[in-house]
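Written out below as structure tokens is the structure these notes cover.
The values are calculated or read from the model by the stated rules, or taken from the named source; none is laboratory data. The structure displayed is predicted, hence computed values, not measured ones. Neighbour counts run over all protein chains shown; Cβ positions are idealised from the backbone, glycine included.
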Amino acid sequence: MTVAVETGLWQLDPARSTVAIKHRTMWGMVTVKGAFGGLTGEGEVRPDGTARGTITVDAASLDTKNGKRDEHLRGGDFFDAERHPSLVFAVRDAVVRQDDTAEISGQLTVRGISRPQSVTARVTGASADAVTLTAEFTVDREQFGMGWNQLGMIRGLTTVTATLGFTRTPA
């Protein structure tokens, strides 16, 4: 099945969207999982089929179901949410392929540090007025100034999983 995503402006529907992270910690014995509650975003699909847009995540909205840990993750050792309240993924280019994947290239900004980020997303639902993308990719937190690692407990990459539902904005 090949989906055609309509041209025009699209708005992220936070009720149909999730951005979650997971990271192995305690020397690989425990996987910490969390989800961000505050999401906004918009995009534009151009007549040539390419797209661009922005997803903004509220850094302070991370919930790992452990209040003390969440407070630490929001603080200066990690997201530093007070000084850097948003994580932003700016999509520079996205192209939907024949196999219903979208090759996305953009820039991820965390703690005021921007790095190129490429993602392959799957179009899991599409109609004239709604589209849903799912993606999973890894991030090296140390590239964004989050090198805190007491006793070497935290190793490896953080996995980001996103389900993003968009609704077409009426012309």
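For this structure, a couple of remarks:
- Residues that are closer than 23 Å to residue 103 by Cβ and in contact with a helix residue (DSSP H, G or I) (Cβ under 8 Å, 6 or more places away or on another chain), drawn from the range 7-56: 39
- Residue check: residue 109 meets all listed conditions (1) touching a strand residue (DSSP E or B) at 6+ places or on another chain (Cβ under 6 Å); (2) crowded, with 16+ Cβ neighbours inside 10 Å; (3) at pLDDT below 90 but one, namely (3).
- Qualifying residue in the range 145-166 (condition: of a type in the set (D, E, K, R) and surrounded by 14 or more Cβ atoms within 10 Å (Cβ to Cβ)): no
- Residue 36 meets each of the listed conditions (1) out of contact with any Asp or Glu (no Cβ under 9 Å at 6 or more places or on another chain); (2) without any contact (Cβ under 8 Å) to a residue 60 or more places away in the chain apart from (1).
- Within the range 141-171, considering residues that are modelled with pLDDT of 60 or more and touching a His at 6+ places or on another chain (Cβ under 9 Å), the one nearest to residue 81 (Cα to Cα): 141
- Test for residue 82: is it closer than 22 Å to residue 145 by Cα and among the acidic types (Asp, Glu): yes
- Test: residue in the range 71-80 that is of a type in the set (A, V, I, L, M) and either out of contact with any Lys or Arg (no Cβ under 9 Å at 6 or more places or on another chain) or under 26 Å from residue 128 (Cβ atoms) (or both): yes
- Condition check for residue 8: within 15 Å of the chain's Cα centre (by Cα) and either surrounded by 14 or more Cβ atoms within 10 Å (Cβ to Cβ) or modelled with pLDDT of 95 or more (or both): no
- Among the residues of the range 29-65, those that are at pLDDT below 95, part of a strand (DSSP E or B) and polar (S, T, N, Q) comprise 31, 50.
- The residue of the range 35-60 that is nearest to the chain's Cα centre (by Cα), among those that are more than 18 Å from residue 117 (Cα to Cα) and of a type in the set (Val, Ile, Thr), is 40.
- Residue 89 within 19 Å of the chain's Cα centre (by Cα), outside any loop (DSSP other than H, G, I, E, B) and surrounded by 19 or more Cβ atoms within 10 Å (Cβ to Cβ): yes
- Pick from the range 11-28, criterion at pLDDT 80 or above and either of a type in the set (Lys, Arg) or surrounded by fewer than 13 Cβ atoms within 10 Å (Cβ to Cβ) (or both), ranking: nearest to residue 60 (Cα to Cα): 22
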